Amino acid sequence: MLIIYIAGFIVCMGLALCLTPLVKKFALAIGATDVPNARKVHTRIMPRLGGLGIFLAFVLGLLAISPFVPYDFSTRDVNFIKALLSGGGLIVLLGSLDDKFELSAKVKLLGQIAAACIVVFGFNITVDFVNIPFNNTYSSLESWIAIPLTIFWIVGVTNAVNLIDGLDGLAAGVSGIAIATIATMAFLMGNIMVAMICLLLLGSVVGFLFFNFHPAKIFMGDTGSLFLGFCLAMLALLGFKQIAVVSFITPLLIIGVPLSDTFFAIVRRKLQKKPIFAPDKGHLHHCLRELGFSHRQTVLIIYGIAGFFGILAVIQSSSAMYEANWVTFVVICVMLFFLQIGAEIIGLVGQTKKPLLSFLSRVFLKVSAEKGSKS
């Protein structure tokens, strides 16, 4: 199986390397390009549709490697793969149309909901239980909760990845790190199907990154960011549904960078009394650029943050195997502390909204004053 996994990764990476230049020519031929404007960092017209290369490499790689897998997938596994390809295919079509014609936010949202409904109603895949930390039992969810929760999760994560697609190689790299995290946990849990899907998808992303890392020759566009977001939504949560060791926090950690950036964007726009979907230049990568970091440095810093979230996810899920729920609590506390501190330092919410830093500053001054009075 290990040889097949490695072969699948290499096949998909090779396919992405071969297909992406062809997709680039196709994007330029049909006018699917990204024109610079006030909120974008690139300064020249760039071809989009790069995500089409990722999707095609993944699908072709899956078809090529499947006959050699010495493992009979369960009905649920086959259902999951069909749901991933069907819903993902619709997402890619939606993203491709947006890269060419720039669809409205409402149309894209309806398309994402439709893809989520294909997963839920077409293949009967839902989040049907929840594991609460410090409670070793799993509670079943009623359909009226499970169905909207699953749709909300898929649509939310799909959009979260799309929102961080602002620098060369950023969304692809962060998604790749998240996929690698899921693959690691799948190996630890013995989940053959999820591990295979992750490595095929990771190979496709790595192959595409050869053309997308700064300076990029092609953008993945909404075709890629929406597709990778959809895949992460499926893999991070539904791919582990049958494994009774993953608590609710693990999927959130896996995609911590796009989710936290989306959360702070919503808070920031609410405080500024702007529409939630209004574009701005207050995202994580924008703030880091304003601090003086170069394009590549900013991307690598965010890669590091994504890696930190991935390590926390693996630690948390590993501790759950041994019912070490106190580790989950520590992980949550560490994550929230660093999230808030980091957001305030770089100004994700706003340059004047820094409650935790102000509190720590007051405590430090008070302690210093007490030490001074005693001396």
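For the range 281-290, state whether one or more residues are within 29 Å of residue 155 (Cβ to Cβ), at pLDDT below 75 and not in a loop (DSSP other than H, G, I, E, B).
yes
Scan the range 335-356 for residues that are modelled with pLDDT of 70 or more and over 26 Å from the mean Cα position of the chain (by Cα) and jot them down.
Within the range 335-356, 354, 355, 356 qualify.
Quick grid of which residues meet (1) among the hydroxyl-bearing types (Ser, Thr, Tyr); (2) over 23 Å from the mean Cα position of the chain (by Cα):
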| residue | (1), (2) |
| --- | --- |
| 61 | no, no |
| 75 | yes, yes |
| 81 | no, no |
| 84 | no, no |
| 88 | no, no |
| 96 | yes, no |
| 99 | no, no |
| 117 | no, no |
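Counting just the residues of the range 294-332 that are among the aromatic types (Phe, Trp, Tyr) and surrounded by fewer than 17 Cβ atoms within 10 Å (Cβ to Cβ), which one comes out modelled with the highest pLDDT?
The first filter runs over the range 294-332 and keeps only residues among the aromatic types (Phe, Trp, Tyr), leaving 303, 308-309, 322, 326, 329.
If we keep only those that are surrounded by fewer than 17 Cβ atoms within 10 Å (Cβ to Cβ) too, we end up with 322, 326, 329.
Details: 322: 51, 326: 61, 329: 64.
So the residue we want is 329.
Pairs, please: C-beta under 7 Å, at least 6 apart or cross-chain, first residue without any contact (Cβ under 8 Å) to a residue 12 or more places away in the chain and in the range 75-93, second open to solvent by 10 Å² or more (accessible area, probe 1.4 Å) and among the basic types (Lys, Arg)?
That search, which allows pairs on different chains as well, returns nothing.
Just wondering, is there one or more residues in the range 102-117 that are basic (Lys, Arg), crowded, with 18+ Cβ neighbours inside 10 Å and over 16 Å from residue 208 (Cα atoms)? Spell out how you get there, then give the answer.
Taking the range 102-117 and keeping what is basic (Lys, Arg), we get 106, 108.
Then keep just the ones that are crowded, with 18+ Cβ neighbours inside 10 Å; that gives 108.
Right, trim to over 16 Å from residue 208 (Cα atoms) and you get 108.
Yes: one or more hits.
Within the range 196-231, track down each residue that is β-branched (Val, Ile, Thr) and open to solvent by 20 Å² or more (accessible area, probe 1.4 Å). Steps first, answer last, please.
First, pick out the residues of the range 196-231 that are β-branched (Val, Ile, Thr): 197, 205-206, 218, 223.
206 - this is the single residue of the range 196-231 that is β-branched (Val, Ile, Thr) and open to solvent by 20 Å² or more (accessible area, probe 1.4 Å).
How many residues, within the range 118-147, are modelled with pLDDT of 85 or more and either surrounded by 13 or more Cβ atoms within 10 Å (Cβ to Cβ) or of a type in the set (Ser, Thr, Tyr) (or both)? Don't jump to the end; show me each part of the working.
First pass over the range 118-147, keeping only residues modelled with pLDDT of 85 or more: 118-125, 147.
Now drop any that are not either surrounded by 13 or more Cβ atoms within 10 Å (Cβ to Cβ) or of a type in the set (Ser, Thr, Tyr) (or both), which leaves 118-120, 122-123, 125, 147.
Matching residues across the range 118-147 total 7.
How many residues, within the range 1-26, are closer than 17 Å to residue 183 by Cα and open to solvent by less than 50 Å² (accessible area, probe 1.4 Å)?
Count: 6.
Can you tell which of 218, 192, 179 is in contact (Cβ under 8 Å) with a residue 40 or more places away in the chain, among the aliphatic types (A, V, I, L, M) and under 19 Å from residue 261 (Cβ atoms)?
Working: 218 fails: under 19 Å from residue 261 (Cβ atoms); 192 fails: under 19 Å from residue 261 (Cβ atoms).
After ruling out the rest, the residue left standing is 179.
Go over the candidates 237, 209, 253 one by one and state the one that is in a helix (DSSP H, G or I) and either at pLDDT 75 or above or over 23 Å from residue 154 (Cα atoms) (or both). Talk me through it step by step, then tell me what you get.
Working: 237 fails: either at pLDDT 75 or above or over 23 Å from residue 154 (Cα atoms) (or both); 253 fails: either at pLDDT 75 or above or over 23 Å from residue 154 (Cα atoms) (or both).
Only one candidate passes the filter, namely 209.
Which numbered condition trips up residue 185, out of (1) out of contact with any strand residue (DSSP E or B) (no Cβ under 8 Å at 6 or more places or on another chain); (2) open to solvent by less than 10 Å² (accessible area, probe 1.4 Å); (3) at pLDDT 90 or above?
For residue 185, the exception is condition (3).
The values are calculated or read from the model by the stated rules, or taken from the named source; none is laboratory data. The shown structure was predicted, so the numbers you read here are calculated from the model rather than taken from an experiment. Reconstructed Cβ throughout: ideal geometry from the backbone, glycine too, with neighbour counts over all protein chains shown. For the accessible areas, the whole protein counts, side chains as well, though only heavy atoms, and no ligand, DNA or RNA atoms are used. Shrake-Rupley method; radii C 1.70, N 1.55, O 1.52, S 1.80 Å.
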